[in-house]
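Enquirer: My questions will all concern the structure given below.
Read the figures in this text as sums done on the coordinates, not as results from a lab. Keep in mind that this is a model prediction, so the values were computed, not measured. When we count neighbours, we look across all protein chains shown, and the Cβ atoms used for this are built from the backbone with ideal geometry, even at glycine.
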Amino acid sequence: MFRTILVPLDGSVVGEQALAAAARLARAFQATVHLVHVHYPNSLTPIVIETLPVIDAELHSLAAEHERFYLNQVAAQPVFNGVQTVVTRLEGAVAETLAAHAQAINADLIVMTTHGWSGFEHFWLGSVAESLLRLTHTPLWLMRPGESASRAAQPLRRILVPLDGSARAEQVLAPVQSLAALDGARLTLARVLVQRRGADRADVTVQKQEIEAYLQALATRLEAQGVPADIAVGTADQPARTLLTLSRELQVDAIALATRGQGGWQRMVMGSVADKIIRACPVPVLVVRP
């Protein structure tokens, strides 16, 4: 499924921690990796002449040359031996430009770290990851620098997939199936029933049984398609915390979820849950905006 992989880079060592994961996926799926740097126009310090700011054209040209040289150096790293790479330098508002470029090249996946630091004159990875979640429908493979990035480049054994019973949330299943097939990973389909204070126990029991039946039907369908899957159901007033705890108990290698689903007291609200998991999760996260 992943034939075109986009990797945003901001010139930082932290941003480059996404390279190993991208290269591994590219080899497995015979994909092309697009290494992209977006130069933010306002990041150059203007020269003030008679109170009017003027961007020095030569300075701008040198910056562009430096950024292209950097991208070519990254593409030449041993991690990409045998992998087809394309380097692209763009200019504009970073998140919007990346989202438009992902659409233009028909990217199947964006692979990036969620934090960067100043490499060129302006760093942007940290804020861009959040913005891309609102701007693109291309799945994102997000990882925190350090252990999370290392795990993203290793074989996956178990992936936690939070769902809320809606077709929108289930849109994560297609890309996560491709990811799981890479290593024969097992999926755990999970749902947290948000329990109201004073809720009738009998009603909660019935709702849990309905959730179990729903998840089991999905798991059976996945098994028939060759993807091993099991289910997990719980009740809690803080679904994100419950899912993170479950991910630690199961020792999952990744979490995959949609950013929007079906809300309501009796269903977990995927938008807020996704945001909290992405911010706190110590393992890589595959995120899809339906």
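Enquirer: Of the peptides 238-249, 22-33, how do they stack up when ordered by the mean number of other Cβ atoms within 10 Å, highest first? Walk me through the intermediate numbers first.
Expert: Numbers: 238-249: 17.8, 22-33: 19.7.
Answer by packing, highest mean first, reads 22-33, 238-249.
Enquirer: Charges at C-beta only: +1 for Lys and Arg, -1 for Asp and Glu. How large is the resulting dipole of the stretch 185-224 about its Cα centre, in Debye rounded to 20? Intermediate values should be presented prior to the final figure.
Expert: On the way: 7 positive and 5 negative charges, 36 e Å.
Charge dipole, the stretch 185-224, about its Cα centre: 180 debye, nearest 20.
Enquirer: Still on this structure, please answer the following. Which net charge results when you count Lys and Arg as +1 and Asp and Glu as -1 among the other residues whose beta-carbon is under 14 Å from that of Arg221?
Expert: On the way: positive: none; negative: Glu170, Glu223, Asp230.
Counting the neighbours of Arg221, the net charge comes to -3.
Enquirer: Taking the Cα centre of each part, how many Å lie between the stretch 188-260 and the stretch 81-99?
Expert: So the two Cα centres are separated by 37 Å.
Enquirer: Near the amide H of Ile231, under 5 Å away, which other amide H atoms are found, from residues 5 or more places off or on another chain, if H is placed in the peptide plane?
Expert: Answer set, sorted by chain and number: Leu189.
Enquirer: Further question: For a protection proxy built on the mean count of beta-carbon atoms within 10 angstrom, sort 87-100, 128-141, 203-216 highest first, please.
Expert: Working: 87-100: 17.9, 128-141: 19.6, 203-216: 14.7.
Going from most to least packed, we get 128-141, 87-100, 203-216.
Enquirer: Net charge within 14 Å of Gln17 by Cβ-Cβ distance, Lys/Arg positive one each and Asp/Glu negative one each, not counting Gln17 itself?
Expert: Numbers: positive: Arg24, Arg144, Arg151; negative: Asp10, Glu16, Glu147.
Within the 14 Å Cβ shell, the charges total 0.
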